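Report on one structure; see the data block that follows.
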Amino acid sequence: MSFFYLLEAFQTIFSDLSSLLFILMGVTAGIMVGCLPGLTATMGCALLIPFTFSLPPVQGLLMLMGIFTGGIYGGSISAILIRTPGTPAAAATLLDGHPLSMRGEAGKAIGIGTIASFVGGTIGALIMAFMAPQIAKFGLLFGPPEFFALAIFGLSMIISISGESLLKGAIAALIGLLITTIGFDPLSGVPRFTFNNENLLGGITFIPALIGMFGFAQVFRNIERMELVPQVKSKVGRLLPPFKEVRSLLPTMAKSGSMGAVTGSVPGLGCDIAAFIAYGEAKRTSKTPEKFGQGSLEGIAAPEAANNGATGGAMIPMLTLGVPGDAVTAVLLGALTIHGFQPGPLLFRDHLDVVYPIFAGMILCQLVLLIVGLSGARLFAKLINIDTRILTPVIFLLCIVGSYSMRFSFFDVGLALTIGVIAYFMGKAKFPVSPVLLALILGPMAEQNMRRSLMYSQDDLSIFVTRPISAAFLILAVIMVYSGYRRFKKIKEIEARMQTESQHQEG
Amino acid sequence: MKKTLCLAAAAILAFSSSSFAAFPEKDITLVVPWSAGGGTDTIARALVKNAKQHIGVNVNVVNKTGGQGIVGMGATKMARPDGYTVGLITFGLSTYKLMGLSQLTYRDFDLLQLLNQSSAGLSVNADSKWNSLDEVMQHAKANPRDVSLGHTGAGVAWHLSAAALGVMYDTEFNFIPFDGGAPTRSALLGGHVDLAATGIDEVKQLHEAGEVKVLAVNALQRHPAFPDVPTLAEAGYKIDAPVLDWRGLALPKNVPADRKQFLKEGFKKMFDDPEFRKYCEDVGLILVYEDSAGFEQFLANMEEVLTPTLDAVGLIR
C-alpha cells in the first residue's frame, strides 16, 4: 500500500522537473552551509523558509529537506579537511577523517564520507517511508528515566574517544559536564553560575564551544607549526575509493545507518548523538580497533552513515506526532505549518499528497547528495593544498563570523576564543577535547532527566532499573565501558610489545 | 575652520536624512528572542510575510536567542532608536524581574501593540481513567502529590497557570518540568505524566485526532477551536484572573514620534492581513489587539496576577 503511494509520489516529483532542481539547489546550498563552521543546517533551513513561501508547498519542502540532508553531510567536509566540524553532527567524523587527510588522503576520506552518508541517509529515508508509525510509537516509550539511561549509555562512548589516556578522557568529560551546569535551569527556574551576566543565562552554547574547541584551537596549532613543519601535499587521488574497500565497509554503513535512524527518531536526540553512538559501537565491534583515531575508514563511515540516517529518523516523530526529533525538524515543522499543513497524526489521514512526496523527496535527496558530493570531493580536497599561511587566517575569519552569526552576539565570539585558548592548552597537555564535546551534548540530558525521574518517583532511585528500557541501556553502558577498557588494555599491550621489539632490533 | 565645515556638513546630512528622507528607506529588522522554527518565530515570520505590500519595505526576522528570551529582548531595548529595529516581546518579560533573572521589564520599551494571548489547557492521555477536571482534582486532593503534572518549564505561563489552580484549591500536584512544549507533549502521549499543562493551541491536533483529552482551558471564555472544552469556571474551579501567555511588539525608547506612528499603523496592517489571520486560525492562536496604552495596562495587570503565583511556587526573588 505505502509502496504504491511512494511510486505515485515519485511520479509526481518527476513529472515536474523543477522539483528536482529545487532538491539540487537545496542539497548544494546545504553542503555549503554545512561545511562553514557556525552555519548549521538549522540556520540554513530557517533562513530559507521565507523563500519557500512563494513556492508550492511540496517543492518548498523538498528544498528544505535538501538543505537538511546536505547540511548534515557538509559538516564532515570541514571536519575532515580543517579539523573543524561544520555542524555538531560531524564532530565524531573528525576523529578519523582529519588524520586521514593529514596523511594526504583527503579525497579518499571525503569519498568514504559521501558514500557512507548516502547509504546511511537512504536507509534512514526508507525506514521513514515504511515504518514511520511503528517507529514513532517506539520513540514515545522514552520517558525521563529512559532518557537518563540513554544519556549515560552515550557518555560511556567517552571510552572510545579518549585517545591515549582513559584518565585524561574522563577528566575532560567531567570538565564538560561541569560546564553544562552553567546557565538558567529550566527545572527549578534558577540561574546557576551566571555571575549575573545575562549572556550566560543560556549556558555555554554549543556552537561557540564547538568552534572554539576545534576551529580556534586548530588555528593556534597551525600558527605554531606554520614555519616549522613542511605542509603535507595532499594527493587528491582517486575520486572513488576502490570498490573492494567500500564493499568491506558496507556492513558498518548499514548498521550505523539503521542505528542512526532509530536514534534520530527518539524526540530530543539528534544527528550528533547518533554519530557518537555509532562511532563507539563501530569501534567496539571492529576487528581493528587500534586504527580508530589514526584515520580508520570505519571511523569515518560509521558516524557519517549514522548522522545522515538520523535525518530520516528525526522526521518521523515530527510528521507523525508533531513532535520534532531535533532542531532542524523543529524548523521544518514550522515551515509545514506556515504552508498550511499541521504535522501530527492527522497529516497521515488528510494529507497523503504531502506525506508521500516528503518520503520520496528524502530518498531523492540522498541520490542527489551522492552525485553532488562525489563530483565536489575533488574540488574540496584541493582546498587542503592551499598554503597554510593563507588558509589559517581564512579559517580564523570563518570562526569569528561563525561564532558571531549564531545569535549575532560578540559575547559568543569572545567565548569561542576563550574556549579555543583553553582547548589549545588541553591539546598541549594531551587532553582529548572530544569527550568535552560529548559531555556538552549529553550533560543537560542526563542531569535534567535524572532530576525529572526522581521528581516523578518521589526520590526512589529504583525507577532507573525497574523500567526495562532504562535498565537495558544502563546494562549496555556497563558492557560498553567494560569491553572498552579491555580493548584499551589490549591495544596498550600490543603497543608495548612493538616498542620492546623495535628496541631489540635497534640493540 | 575645516573642523567646523565638517561638522556643519555632518549636521546637514544628519538633518536631511532624519527629517526629509522618507521613512522607511531600508528594510526593518524584527528581533525575535526565541530560536528559528519555534512557535514564536513562526508567528513572527507569518506576520511579516507580506510586509512589503503594507509598508513598502521588507521586515527581516533576526533570532537573538538565549537567556530565556532576555538576550533578544535586551537587544531590542539597546537597539538604536531609529525605528529600524522592532522587537517581539513575550511572556517572560512579565517574570524576569520577579524571578530575579534580569532587571528587564516592559517599562524599558515603547510598546507598539499586543499580538496575541494564549491560555493554558490541561490535558490527559486518551487512555486516562479521568474524563473531567473534577475527577482529577478530587483524586489529587485525596492523594497529595500522586498526580504528576508535566509542564513546559519553571516560571513559564503554563506552569504558573497550573500552580495557581493548585494554590487556589489547596491541591498538591507532583510538578514535572520539561524543557518546552514538544517534550511535554511526548511525555503525555507516552504516558509518562498523568496530566499536562501546555498552551491549549499546542495540543489542538492531538485533541482533534483523539490522542489526548483536553479537560479544561484556563480562560474566561471557551476557545473557538475547542468549543467542547469547558473553562475552569465551567469545570467547577473558577479562577478570577487566569495567567495568560502573551506576545507583542515593542520599540526601544526614544524612537521619533512620526516613525513610531508609521510602524504602529504598518504593523496593524500586517496584523489585519487576511493571510496572517487565516494562519493563526489554523494553528489555534487567538489574536488579541491592544494599542500601546491597552497593552501597557494589560502588562501592569499581569505583574499583579503573577506576583502571588510566583510566590506560591517559590520562584520570587
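Please determine whether any residue of segment A:76-87 is part of a loop (DSSP other than H, G, I, E, B), away from chain B (no Cβ under 14 Å) and surrounded by fewer than 24 Cβ atoms within 10 Å (Cβ to Cβ).
Quick first cut of segment A:76-87, residues part of a loop (DSSP other than H, G, I, E, B) only: A:83-87.
Now restrict to residues that are away from chain B (no Cβ under 14 Å): A:83-87.
Restricting the remaining residues to those that are surrounded by fewer than 24 Cβ atoms within 10 Å (Cβ to Cβ) gives A:83.
Scanning segment A:76-87, I find at least one residue that is part of a loop (DSSP other than H, G, I, E, B), away from chain B (no Cβ under 14 Å) and surrounded by fewer than 24 Cβ atoms within 10 Å (Cβ to Cβ), so the answer is yes.
Taking the options A:Val436, A:Val478, name whichever one is in contact with a helix residue (DSSP H, G or I) (Cβ under 7 Å, 6 or more places away or on another chain) and surrounded by 12 or more Cβ atoms within 10 Å (Cβ to Cβ).
Working: A:Val478 fails: in contact with a helix residue (DSSP H, G or I) (Cβ under 7 Å, 6 or more places away or on another chain).
On inspection, the qualifying residue turns out to be A:Val436.
Could you list, in sequence order, the residues of segment B:43-62 that are free of Cβ contacts under 8 Å to residues at least 60 places away in the same chain, crowded, with 20+ Cβ neighbours inside 10 Å and facing chain A (nearest Cβ under 7 Å)?
B:Arg45
Run down B:Gly83, B:Gly66, B:Gly38, B:Gly74 and say which single residue is buried (at least 23 other Cβ atoms within 10 Å of the Cβ) and at pLDDT 90 or above.
On the way: B:Gly83 fails: buried (at least 23 other Cβ atoms within 10 Å of the Cβ); B:Gly66 fails: at pLDDT 90 or above; B:Gly38 fails: at pLDDT 90 or above.
Only one candidate passes the filter, namely B:Gly74.
Can you tell me which residue is surrounded by the fewest Cβ atoms within 10 Å (Cβ to Cβ) among those in segment A:295-353 that are of a type in the set (Asp, Glu) and within 12 Å of another protein chain (Cβ to nearest Cβ)?
Result: A:Asp350.
Using beta carbons and a limit of 8 Å, which pairs, at least six apart or on different chains, have the first residue in segment B:260-271 and closer than 17 Å to B:Phe109 by Cβ and the second one acidic (Asp, Glu)?
Between residues of segment B:260-271 that are closer than 17 Å to B:Phe109 by Cβ and residues that are acidic (Asp, Glu), the close pairs are B:Lys260/B:Asp110; B:Lys264/B:Asp291.
Given the criterion more than 19 Å from A:Phe276 (Cα to Cα) and at pLDDT 90 or above, identify the matching residue among A:Leu141, A:Leu167, A:Leu177. Spell out the reasoning first.
Numbers: A:Leu141 fails: at pLDDT 90 or above; A:Leu177 fails: more than 19 Å from A:Phe276 (Cα to Cα).
Just a single option satisfies the conditions, and that option is A:Leu167.
Quick grid of which residues meet (1) outside any loop (DSSP other than H, G, I, E, B); (2) of a type in the set (Ser, Thr, Tyr); (3) surrounded by 13 or more Cβ atoms within 10 Å (Cβ to Cβ):
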| residue | (1), (2), (3) |
| --- | --- |
| A:Gln458 | no, no, no |
| A:Leu461 | no, no, no |
| A:Val465 | yes, no, yes |
| A:Phe473 | yes, no, yes |
| A:Tyr482 | yes, yes, no |
| A:Lys490 | yes, no, no |
| A:Ile494 | yes, no, no |
| A:Glu501 | yes, no, no |
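Quick check on this structure: which one of B:Ser102, B:Ser94, B:Ser132, B:Ser128 is farther than 30 Å from B:Glu265 by Cβ and assigned by TED's automatic domain parsing to the domain that holds B:Trp34?
Details: B:Ser94 fails: farther than 30 Å from B:Glu265 by Cβ; B:Ser132 fails: assigned by TED's automatic domain parsing to the domain that holds B:Trp34; B:Ser128 fails: assigned by TED's automatic domain parsing to the domain that holds B:Trp34.
On inspection, the qualifying residue turns out to be B:Ser102.
Scan segment B:194-219 residue by residue and report those that are more than 10 Å from chain A (Cβ to nearest Cβ), charged (D, E, K, R) and either under 10 Å from B:Ser118 (Cα atoms) or in a helix (DSSP H, G or I) (or both).
B:Asp201
Could you run through segment B:272-304 and say how many residues are buried (at least 18 other Cβ atoms within 10 Å of the Cβ), out of contact with any strand residue (DSSP E or B) (no Cβ under 7 Å at 6 or more places or on another chain) and either assigned by TED's automatic domain parsing to the domain that holds B:Glu208 or part of a helix (DSSP H, G or I) (or both)?
Residues in segment B:272-304 being buried (at least 18 other Cβ atoms within 10 Å of the Cβ), out of contact with any strand residue (DSSP E or B) (no Cβ under 7 Å at 6 or more places or on another chain) and either assigned by TED's automatic domain parsing to the domain that holds B:Glu208 or part of a helix (DSSP H, G or I) (or both): 5 in total.
Which of (1) surrounded by fewer than 20 Cβ atoms within 10 Å (Cβ to Cβ); (2) in a loop (DSSP other than H, G, I, E, B); (3) not polar (S, T, N, Q) is the odd one out, the single condition A:Ala254 does not satisfy?
Condition (2) is where A:Ala254 drops out.
The values are calculated or read from the model by the stated rules, or taken from the named source; none is laboratory data. Because the structure is a prediction, the values reported are computed rather than measured. Quick reminder, even Gly has a Cβ in these numbers, built from the backbone with ideal geometry, and neighbours come from all protein chains shown.
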